[in-house]
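Reviewing the structure listed below.
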């Protein structure tokens, strides 16, 4: 990867439930946020191209009509290194007249940003899907998420399924709970029909984003109305214990890991009992746990990535 990051940077974070675009100015490899644009649309591989174009157009509508001098860095959740990626370069380049585009999976993006830190680092993503990644002997080891060894533990998808089960059980028993009210608020009254719900949850092609949407709603509500915690505590504790088991297995395999980099919407609220249990465990294992936001300007993945690329991958 030999492209340099120019002084005008658009970073597009294509996640499982939303796409976040940040326009940075770059001076001496230091980032300053100029503006941020959020699309509440999923960015899976099949949808990522059109959503990426829409994200770029949002920036252009506010800051000019061309991308002269811009660099575009695109991180797509679950995106595959294939012919699709090459097509994405070509299509966006043709559409906007820009050549300096870097497209990576969220996994590869984080590893590119952190693997030159001089120590073994475990990168953990807790978004719609979950992944735990570390490098050892120049090989990347990935656990969890998208059908890998362990599964989706710690993911919005898993939390969503468990929260939905609780809400629908309460509904079927005729209970009037905050979880049921939140379900209706999130999906609408029509979603209470069995046919609509089965279309999104129980058919062969499960709509992971539909399920994760409820996870996002619950974690947001925990900030606004902590009393809902009484209805979901068992799920939070159980999932925290499962994630701790994964961490423990990884540390047993590679005890040189000293830093755990955490990213993803599930961990954004570090006040939840789930986050507290996991972070307490990491502290007890003498691991330095860092939550990083994609678009912050200090030690975020994009800040580290810019420095690494512009310093010649040293």
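Derivation of every value follows stated rules applied to the coordinates shown; laboratory data play no part. None of the values given here were measured: they were computed from a predicted structure. Here the Cβ positions follow ideal geometry from the backbone for every residue, glycine too, while neighbour counts run over all protein chains shown.
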Pairwise label distance in nanometres, residue 242 with residue 271, each label 7 Å out on the Cα-Cβ vector: 2.6 nm
Hey, can you rank 272-279, 175-182 by average C-beta count inside 10 Å, highest first? 272-279, 175-182
By how many nm would the segment from residue 28 to residue 310 grow when fully extended, if each residue of separation counts as 0.36 nm and the alpha-carbon distance is taken off? 100.6 nm
A correct fewest-to-most ranking of 152, 57 by other Cβ atoms within 10 Å would be 57, 152
Can you order the peptides 250-256, 166-172 by their average number of other Cβ atoms within 10 Å per residue, highest first? 166-172, 250-256
Protection proxy ranking of 123-130, 4-11 - average other beta-carbon atoms within 10 Å, highest first: 123-130, 4-11
